[in-house]
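Notes follow the structure.
Coordinate-derived values only; no laboratory data. Fair warning: this is a prediction, and the values are worked out from it, not measured in the lab.
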């Protein structure tokens, strides 16, 4: 009977050890599951945050792209306007040069006319007979030279 009792005690001890190990294993596994579940939750939160950041970055990039496109269109319009103004300026310079040449030609013609009139007046003065000393001498020289110039 001792042997049976011993066997029974040993069997109970063995069973309690197995149950204890099983409980311990279940507790260890439960802790590991909780730890893994927490890691999964934290990784999911990080992934969601990164997806949100990526979405915001894409929206910001699209907005900046629109702004840059508008700036480029504005610059092209300004460039076209500048080119038009340069062309107008060139035309005005040519027109001014033509008008300056016309003015110089007319000034030269006027100067020739003045010199011609002066020569004619000098001839007219020379051809008039000398008047007597008491009489008033009427000559073309009574015109002021500034009027002729």
inquiry  = Restricting things to Cα coordinates, could you compute the convex hull volume per residue of region 20-94 in Å³?
reply    = 52 Å³
key: Segment residue 53-residue 40, extension gain: residue separation times 0.36 nm, minus the distance between their alpha carbons   = 2.7 nm
inquiry  = Once the convex hull of the alpha carbons of region 62-114 is built, what does its volume come to per residue, in cubic angstrom?
reply    = 37 Å³
ask   = Tell me, in nm to one decimal, what length is gained between residue 87 and residue 113 on full extension, where the rule is 0.36 nm per residue of separation less the Cα-Cα distance?
value = 5.5 nm
remark   = Per the rule of 0.36 nm per residue minus the C-alpha distance, extending residue 101 to residue 125 adds in nm 5.1 nm
